[in-house]
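All of the numbers you see were taken from the coordinates with simple rules; none came from a lab. Keep in mind the model is a prediction, meaning the values are calculated, not measured. No Cβ is skipped: glycine too gets one built from the backbone with ideal geometry, and neighbour counts run over all protein chains shown.
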């Protein structure tokens, strides 16, 4: 079951009614049953894996909680992290490593009699694995108390709005909310529906429309010139933003309707004027997770190396981010490139701040626009590595962009026009929210008529030009 399916549109209203009429003490049970029902509808057998991760986490965190010896606590923490990571490594990386070995043997003219192995990646495994690891580390560090109720822990790991593509939440935020006494808050419910509506717009109107064009270009690189590849490369970051950002808003809105606050995952990233600012705005839950559990401990241990330690920490953190996204050289390159961007900024930050202060650059419109444009171009070009299937294709794309030109591939005119229309609406909302937050209010306008008209127009646009037979969310593959 996914957010854009008819099954979900039947399942969720039924859940809302049942959730708010049953006694508060039983609501977490309903959410747990609903979460497993939601996940089982995707692939029943993978629910066993989810349950296994939960049981391992419960068992070893209970041992951490019971012991006073720090060495034993650390041992139990490490064992659980390794056990949690085993399924992720097996399903996500085994096939790639196995196939690379086959390719190497074939290159060496060695014939291996065993067949290639292809495994289906359990949907959401990267997300709930990180949540379980984060909880384990937090219990070890005594940042959260050990959760004695295994059902509550199981709900935290499997909570249906978050399990497929995040946001990657923390136990200290979620577990207390599952236990708290809730009364229906109509403001939260209203806000939740607004977020869901805009999330569906981002996914169905923007992301899935763009996907038709971007896929047509990137899946036929040899047939397209540099102009079309350049244009598709510029569109792809917007497609990813609309896709994962749309999913996140639906997940956050769904949770709000149930009286649960979930962290935001995006904060208008294309308004960023530097890569460091961009990564504070893009996929926030993943970046804060990596910051707290990878970058901060590593940079602390390397603090004697000063700026060198910071650069090593940044490079390693984004290498982990790349590997988390995919088990190919493409994503390793992608992660290292992001680390290089941020390392360069770390090395030049003092000189940049000095120039900005001396010439009052931050208040100059052209400087802001230049920073936004340059940051976007850097990110867009690095995203080519995450879109193509292998490194050679990525280099072909770059080569063609800089050496060939020609007429722009349009494809189906309606798809081309509607995708641009949807993107302009999305960017208009983001930039007005960023730079003129008190003006051009639509969903939150003081006038009831403006609010109703805004909702109605968005619903009509979704129904008229939304792609309802489009693909799954991009981050399901991660």
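Over the residues of the stretch 112-232, compute the C-alpha Rg and express it relative to 2.2 N^0.38 Å.
Taking N as the residue count of the stretch 112-232, the ratio is 1.56.
Below 8 Å between Cα atoms, with a sequence gap of 6+, how large is the relative contact order for the chain in percent?
18 percent
From zero up to wherever the largest Cα-Cα distance of the stretch 213-314 sits, split into 5 Å bins and tell me the percent of pairs in each.
With a bin width of 5 Å, the distribution comes to 2, 11, 13, 14, 14, 14, 12, 10, 6, 2, 0.
Go through 10-17, 81-88, 124-131 and give me the packing order, highest mean Cβ count within 10 Å leading. Write down the numbers at each step before the final one.
Working: 10-17: 14.8, 81-88: 17.4, 124-131: 24.0.
Highest to lowest by the protection proxy: 124-131, 81-88, 10-17.
Please work out the ratio of the alpha-carbon Rg of the stretch 275-358 to 2.2 N^0.38 Å and round it to two decimals.
My calculation over the Cα atoms of the stretch 275-358 gives 1.13.
Any idea what log10 I(q)/I(0) is at q = 0.09, 0.10, 0.15, 0.20 Å⁻¹ for the stretch 6-183, Debye with uniform C-alpha scatterers and no solvent?
So the normalised log intensities are -0.40, -0.48, -0.90, -1.30.
What's the ranking of 386-392, 29-35 by average number of surrounding C-beta atoms within 10 Å, highest first?
In decreasing order of mean packing, 386-392, 29-35 become 29-35, 386-392.
Could you state the number of Å between the C-alpha centres of the stretch 371-425 and the stretch 145-180?
Spelled out, the Cα-based centre of one part sits 38 Å from the other.
Please rank 215, 138, 243, fewest neighbouring Cβ atoms within 10 Å first, as an exposure proxy.
215, 138, 243
In vacuo Debye scattering of the stretch 188-465, one point per C-alpha: log10 I(q)/I(0) at q = 0.10, 0.15 Å⁻¹?
For the stretch 188-465 at q = 0.10, 0.15 Å⁻¹, log10 I(q)/I(0) is -0.62, -1.30.
What percent does the relative contact order of the stretch 6-183 come to when contacts are Cα pairs within less than 8 Å and at least six residues apart?
Reported as a whole number, the value is 30 percent.
When only alpha-carbon atoms are used, what values of Rg and Dmax, in angstrom, describe the stretch 354-478?
Answer for the stretch 354-478, Rg first and Dmax second: 19.9, 55 Å.
How do 426-437, 261-272, 219-230 rank on mean C-beta neighbours within 10 Å, highest first?
Per-residue Cβ counts within 10 Å, averaged per peptide and sorted highest first, yield 261-272, 219-230, 426-437.
Would you mind estimating how fast the stretch 15-92 diffuses translationally, via Stokes-Einstein at 25 °C and 0.890 mPa s with the Kirkwood radius over Cα pairs, in µm²/s?
It diffuses with D of about 165 µm²/s by this estimate.
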